[in-house]
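Asks: Dumping the structure here so I can ask a few things about it.
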Amino acid sequence: MIAKHFLRAALLASALTMGGAVVVSAPAPANAAEAKKFSPEVGNALKAAQEALKAGKYKDALEKIDEAEKKSGKSAFETCTIETLRGSAYSGLRDSGNLAKALEATLASCQLPDAEVVKRDQMIAESYFTAKNYTKFSAAADKYYKDGGTDQKLKELSVQIYMDQKDYANAAKAARAMIQAQGGKPSKTMLQTVANAEYNMDHKPAFTEAMERLLVYYPDADSWDGVIRAVQKLPGFNSNRLQIDVLRLQIATGVAKEAGPYLEFSQLAMSDGLGAEAKAAMDKGFKAGILGKAQGDREKRLADMAGKQVEDDQRKLPDDEKEAAAQPDGKQLIRVGVQYLALGNSAKAIEVIQAGIKKDQLKYPEEAKLRLVQAYLAAGQKPKAVEAAKSIKGTDGTADIARLYLIQAGINPFS
């Protein structure tokens, strides 16, 4: 999940690009006149090396750099320039191990200001990481922080080493420790590392939780898709009763890109007496251009049926409520409450669903609490929605779906 890039231009403070290679520029000597004091042999070789770099001929450049290095009696500035150009050549060759060595040589031969030393420390460490020389990486990272570096990137790469070595248990442990130490908004890379490690250990509940935490701070359609899929794979997930919730979330979060989920959701919603939700979903699908193509006539008829059901629901619902209230259990009241919710009357939905829960004798009491969570969210009563979600027990998936509804509403269920 962490991109294995070569070197970011942002890390090369005094760099310029020549022929595709990252060229680390040498610092000017204290005496400006000294900059021109190349011996003819060294100067000619380095000029040829620079021309080769511009042309992208990195191996030719290295030959000329080696030629310059063999000259005796070189000044400190000449040595610094040689190692700087060598680093540029190895960068162009994507030879991160030798790049790191060249950069280390510039630390020894160039008179760098403290700020530049720290930046070069980081470049060296990242190069060793890319080369998978983790011993050298650790030493370079230690030097970076000892010299005053503060970027957390190298600490994140230290965690990534566990992933590269397939030590997933320690990767998850180290990433969680780093997240806790950082405080505030967690690092996306570390959240991804936890999720990746738990996935590789086949810890489904832990993987799902990690993905949910990632979704809280970095929501996008791909993350939503991954989380919704993960929830459905949890042991005990009741796909029959909660399929309408899965589809509802897919449509609401932009995961559904084809007509299938819209049609399936609308049909399920209508069978549950939720014509208003079915109509809203169909309207959204048509507006997005997902519906109205190959099955345009069928889809239009389904939308018309949903619209007709909305009228029937509005006319019949008061009588349905009275009939449900007379029943010995609260099942029908829950159903009526959800219908009120679909019609946009969240206050009435809360009242009726609560009445159904109080009646008890429910076959699926946790699902009733899930519907109450939805009603509270629709009414803008977020604290009560969180409280209701936390009260849901069991492993049938209702608690997981409830958390996703909270996240969709911008609530962090883990805070």
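The values are calculated or read from the model by the stated rules, or taken from the named source; none is laboratory data. The shown structure was predicted, so the numbers you read here are calculated from the model rather than taken from an experiment. Glycine also receives a Cβ, built like all others from the backbone with ideal geometry; neighbour counts cover every protein chain displayed. Accessible surface areas use protein heavy atoms only, side chains included; no ligands, DNA or RNA. Shrake-Rupley method; radii C 1.70, N 1.55, O 1.52, S 1.80 Å.
Asks: How about segment 228-328: which GluC sites (Glu not before Pro) there are in a DSSP loop, with at most 14 other Cβ atoms within 10 Å of their Cβ? Mind showing how you got there, number by number?
Replies: Numbers: sites: E258, E264, E277, E299, E311, E321, E323; in loops: E258.
Here the GluC sites (Glu not before Pro) that fit, given the DSSP loop and packing criteria, are E258.
Asks: Rg and Dmax of the chain, using alpha carbons, in Å: what are they?
Replies: According to the Cα coordinates of the chain, Rg and Dmax are 31.5, 104 Å.
Asks: Suppose each label sits 7 Å from its Cα in the direction of the beta carbon; what would the T150-Q408 distance come out to in nanometres?
Replies: For the pair T150/Q408, the computed spacing is 4.1 nm.
Asks: How big is the dipole moment of segment 172-297 about its Cα centre under a simple scheme where the beta carbon of each Lys and Arg is +1, that of each Asp and Glu is -1, and everything else is neutral? Debye, nearest 20, please. Don't skip to the end; give the middle numbers.
Replies: On the way: 15 positive and 14 negative charges, 72 e Å.
Once rounded to the nearest 20, the dipole reads 340 debye.
Asks: Please work out the average accessible area per residue across the chain, using the 1.4 Å probe convention, and give it in Å². Kindly include the intermediate steps, with their values, before the conclusion.
Replies: Details: 20520 Å² over 415 residues.
With the other protein chains kept in place, the chain gives 49 Å² per residue.
Asks: Same structure again: Carbon and sulfur together cover what percent of the accessible area of the chain at a 1.4 Å probe radius?
Replies: On the way: 10290 of 20520 Å².
Whole-percent figure for carbon plus sulfur exposure: 50.
Asks: At 20 °C and a viscosity of 1.002 mPa s, what translational diffusion coefficient does Stokes-Einstein give for segment 154-260, taking Rh as the Kirkwood radius over Cα pairs? Give it in µm²/s as a whole number. Could you put the intermediate results ahead of the total?
Replies: On the way: Rh = 14.8 Å.
This corresponds to a translational diffusion coefficient of 145 µm²/s.
Asks: Quick one, what does Rg over Rh come out to for segment 301-383 if you take C-alpha atoms and the Kirkwood Rh? Walk me through the numbers before you get to the answer.
Replies: Numbers: Rg = 13.0 Å, Rh = 13.0 Å.
With Rg and the Kirkwood Rh in hand, the quotient comes to 1.00.
Asks: Using the Cα atoms of segment 27-131, I'd like the radius of gyration and the largest Cα-Cα distance, Dmax, both in angstrom.
Replies: 13.5, 39
Asks: Hey, what D do you get for segment 227-301 in µm²/s if you plug the Kirkwood alpha-carbon radius into Stokes-Einstein at 10 °C and 1.306 mPa s? The partial results should precede the final answer.
Replies: Details: Rh = 12.8 Å.
The calculation lands on 124 µm²/s.
Asks: Another question about this same structure. List the relative contact order of the chain as a percent without decimals, with contacts defined as Cα pairs under 8 Å and 6+ residues apart.
Replies: Computed value for the chain: 9 percent relative contact order.
Asks: Over segment 244-340, with a single point scatterer placed on each C-alpha, what log10 of the ratio I(q)/I(0) does the Debye formula yield at q = 0.11 1/Å?
Replies: -0.35
Asks: To the nearest Å, what is the center-to-center distance of segment 350-415 and segment 244-293, using C-alpha atoms only?
Replies: For segment 350-415 versus segment 244-293, the Cα centre distance is 22 Å.
Asks: Here is a follow-up. Using DSSP to define loop residues, name the GluC sites (Glu not before Pro) in segment 55-143 whose beta-carbon has at most 12 other beta-carbon atoms within 10 Å. Before the final figure, lay out each step's value.
Replies: Values: sites: E63, E67, E69, E78, E83, E104, E116, E126; in loops: none.
In loop regions of segment 55-143 (DSSP not H, G, I, E or B), there are no sparsely surrounded GluC sites (Glu not before Pro).
Asks: Just grab the label-to-label distance for K59 and S72, each label 7 Å out from Cα along the Cβ direction, in nm (one decimal).
Replies: Distance between label points: 3.2 nm.
Asks: Something else: Working with all protein chains in place, sort R335, R315 by solvent-accessible area computed with a 1.4 Å probe, largest first. Intermediate values should be presented prior to the final figure.
Replies: Details: R335 95, R315 150 Å².
Ranking R335, R315 by accessible area, largest first, yields R315, R335.
Asks: Note the direction-averaged projected area, equal to a quarter of the hull surface, for the Cα convex hull of segment 107-212, in nm².
Replies: In nm², the orientation-averaged hull projection of segment 107-212 is 7.2.
Asks: Please list F77, F265 from largest to smallest accessible area, probe radius 1.4 Å, with all protein chains kept in place.
Replies: F77, F265
Asks: Related question: Would you pull out the residues with amide H under 5 Å of L291's amide H, same chain only if 5 or more places away, H placed 1.01 Å from N?
Replies: Correct list: F286.
Asks: Let me ask you something else. Indicate the gyration tensor shape class of segment 129-181 (rounded, prolate or oblate), computed on the Cα atoms with a ≥ b ≥ c the square roots of the eigenvalues: a/c under 1.5 is rounded; otherwise a/b larger than b/c is prolate and the rest oblate. Provide the component values of the computation, followed by the final result.
Replies: Values: a/c = 2.78, a/b = 1.24, b/c = 2.25.
Verdict is oblate for segment 129-181.
Asks: Please compute, for the alpha-carbon atoms of segment 259-401, the extent along each of the three principal axes and give them in descending order in Å.
Replies: 46, 33, 26
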